[in-house]
Structure formats: C-alpha cells, structure tokens
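See below for the structure under consideration.
The values are calculated or read from the model by the stated rules, or taken from the named source; none is laboratory data. What you see is a predicted model, and the numbers here were worked out from it, not measured in a lab. Every residue, glycine as well, gets a Cβ built from its backbone with ideal geometry; the counts of neighbours run over all protein chains shown.
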Amino acid sequence: MATRHLHRGAPHRLHTLMEFRALVEMAMLPFTWPLLTTAPHGDGHPVLLLPGFMADEITLVALKAFLAGRGYNVQTWGLGRNIGFQRRHAEALEQKIRHLHHQTGRQVSLVGWSLGGVFALYGAHQAPECVRQLITLGSPVSVDPAGSQSPPLVKALYRMIAHPMGPTVHVMQPRAKKLREHLLPSVPMSCLYTVSDGVVPPQEATIDAPGSGYENIRVQGSHTGLGFNPMVLCILGDRLAQPEGDWAPFDPVGLAGRVYRMLTHPALPI
C-alpha cells in the first residue's frame, strides 16, 4: 500500500531558491562512488532511462554509468531533448520499449526523472507486457484536479517551450487517458521523492495505491540533483536487483538502513 505525501500547495520557496544545491550533490558523487560499487549486481536485463523536462541524455550520465557498472543493459530514450509531453515522443517511446523487449527477450525496467517519469508511466500503460517495473524520480505522477502546484517559473517555462496552454493540454490527449484518470499501471511502481524538492511538490511525486506492488520512497536532496544523488543510486541498485517476478517493497536493513532512516524520516512532514 502506498500513500501520497501530506504536503499541500507549491514547493517551499526556499527549496526552489536552493535548487542550485544540486551542484554540491554532483560534487560529492566521486567521493561516494566507491561505496556505490558495493551495490548488488543485476541480472543484465534492459533498463531504459528517460530524462526530465528540457534535459537530454547527457544528464543521465551518472545513472547510466552506475547501472552499467552493476551489469544492466542500460539504454536512453534516444529522442534528444525532452521538450514536453509530446505525442510523437510518447509514440516513439512505446515503440522503443517494444523493440527492446523483442530484441533482448527480457522485460524492460523504466527509470524516469521528473517529466521522464510521466513518459515512463505512459509507456508502462501502453506496453505492460514488455515492462518489468517502473521507477520515477521526482516525477509529477499525481497532479490534482486543481492543476500542477509547481512554481510559476516552471509552469511558465513549460508554456513557453512545450505548449502555450501548459502541460494540461498534452495530458488531455486521447492516448494519455490513463494518465489523466490517474490509473496505476499493472507493473510494480516505485516513486522516489524528496520533501525539499523545489520543482515538483512531494504530494505530486507520490501515489495513493491500496494494493501491493506500489510504493513511495523518500530520499534526501534537490530535484535537479536526483540523477546524481548517491542515496537515489543506492535505492535504484536495490530495486532493480530484485529477481524477476519477485518484487517486494523497499526495506533498508543493517547499518545502511539505519543511516537511511536517520537522514530521511526524523523530520516532520513539510
């Protein structure tokens, strides 16, 4: 069972202003890399990485290097810069997932960062027989009827680059009906989020799901640093290493588990 975070409204202005702290997270990655190499090895199945809004494959370099080092067949979406939830990109992604599944004979794990997670959710709906699991990183997967609560600057940027009517017009596409109705995919889904996200508020980056196979996992960090965040990489290593067909909720144990809980759960919900 998964429950959305209790935060309401837009991200705290201080969190938005401090998104530059992602540079610190990137700078810390080389120092934590030796520890990350102790993460479990995978079984070689394909993992498809999807970038966030206005990002391209370059931003996925740390995710790709880490997962390739754990033995996965890592691919990126190959569609250039993510300029919004465009129909042509959504259709091309579905074909990419089906091609990877056919080419490798294995189900594909989808990892989407920010808006890339919305694409991944769409792909899991369209080709569930080809998808092993879905992992989102700070993705707006649960927008309320009142609309997105992201900062005005973020919404203005989307209107300027993707569509003058904003993201709603893309989700209203007939092919995106399941996203609009907030239907969950039939594959396991893990939503990683941070309460100090300055772009996507935590209530939008988490899901409500009464059944098993769905979870929200809280991490510490910024939105723009999620793809370089050592805690995120460790959790990805844990989630992707699960045997096919034997998914279980995230359960950090031992010293690493105590450190994880100390860093993420003592604070009151924001």
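Among the numbered criteria (1) more than 20 Å from VAL141 (Cα to Cα); (2) within 17 Å of the chain's Cα centre (by Cα), which single criterion is violated by MET18?
With respect to (1) more than 20 Å from VAL141 (Cα to Cα); (2) within 17 Å of the chain's Cα centre (by Cα), MET18 is out only on (2).
If I filter the stretch 127-161 down to residues being in a loop (DSSP other than H, G, I, E, B) and of a type in the set (A, V, I, L, M, F, W, C), which single residue comes out as surrounded by the fewest Cβ atoms within 10 Å (Cβ to Cβ)?
Only one residue tops the list, namely ALA146.
Tell me, please, whether a residue that is buried (at least 17 other Cβ atoms within 10 Å of the Cβ), closer than 25 Å to ARG88 by Cα, under 17 Å from the mean Cα position of the chain (by Cα) and modelled with pLDDT of 95 or more can be found in the stretch 172-189.
Looking through the stretch 172-189, at least one residue is buried (at least 17 other Cβ atoms within 10 Å of the Cβ), closer than 25 Å to ARG88 by Cα, under 17 Å from the mean Cα position of the chain (by Cα) and modelled with pLDDT of 95 or more.
So the check is Cβ under 8 Å with 6+ separation or different chains; which pairs have a first residue in the stretch 81-99 that's under 15 Å from VAL131 (Cβ atoms) and a second one that's charged (D, E, K, R) and modelled with pLDDT under 95?
Every condition considered, the pairs that remain are ALA90/ARG175.
So, in the stretch 80-120, how many residues would count as being surrounded by fewer than 22 Cβ atoms within 10 Å (Cβ to Cβ) and among the polar types (S, T, N, Q)?
5
Those residues that are touching a residue at least 40 places away in the same chain (Cβ under 8 Å) and touching a strand residue (DSSP E or B) at 6+ places or on another chain (Cβ under 6 Å), I need them from the stretch 245-270; list them, please.
Listed by number, the residues that qualify are PHE250, THR264.
Right, LEU67: within 14 Å of the chain's Cα centre (by Cα) and within 20 Å of LEU226 (Cβ to Cβ) or not? Please lay out each step first, then the result.
Working: within 14 Å of the chain's Cα centre (by Cα): no; within 20 Å of LEU226 (Cβ to Cβ): yes.
Here the answer is no, as LEU67 does not meet what is asked.
Looking only at the stretch 204-241, count every residue that is modelled with pLDDT of 95 or more, of a type in the set (S, T, N, Q), part of a loop (DSSP other than H, G, I, E, B) and out of contact with any Gly (no Cβ under 9 Å at 6 or more places or on another chain) and tell me the total.
Residues in the stretch 204-241 being modelled with pLDDT of 95 or more, of a type in the set (S, T, N, Q), part of a loop (DSSP other than H, G, I, E, B) and out of contact with any Gly (no Cβ under 9 Å at 6 or more places or on another chain): 1 in total.
Name the helices (runs of 4 or more DSSP H) wholly inside the stretch 1-79 in which the number of residues that are crowded, with 21+ Cβ neighbours inside 10 Å and touching a strand residue (DSSP E or B) at 6+ places or on another chain (Cβ under 7 Å) is 1 or more.
Where helices (runs of 4 or more DSSP H) fall fully within the stretch 1-79 and carry at least 1 residues being crowded, with 21+ Cβ neighbours inside 10 Å and touching a strand residue (DSSP E or B) at 6+ places or on another chain (Cβ under 7 Å), they are 61-69.
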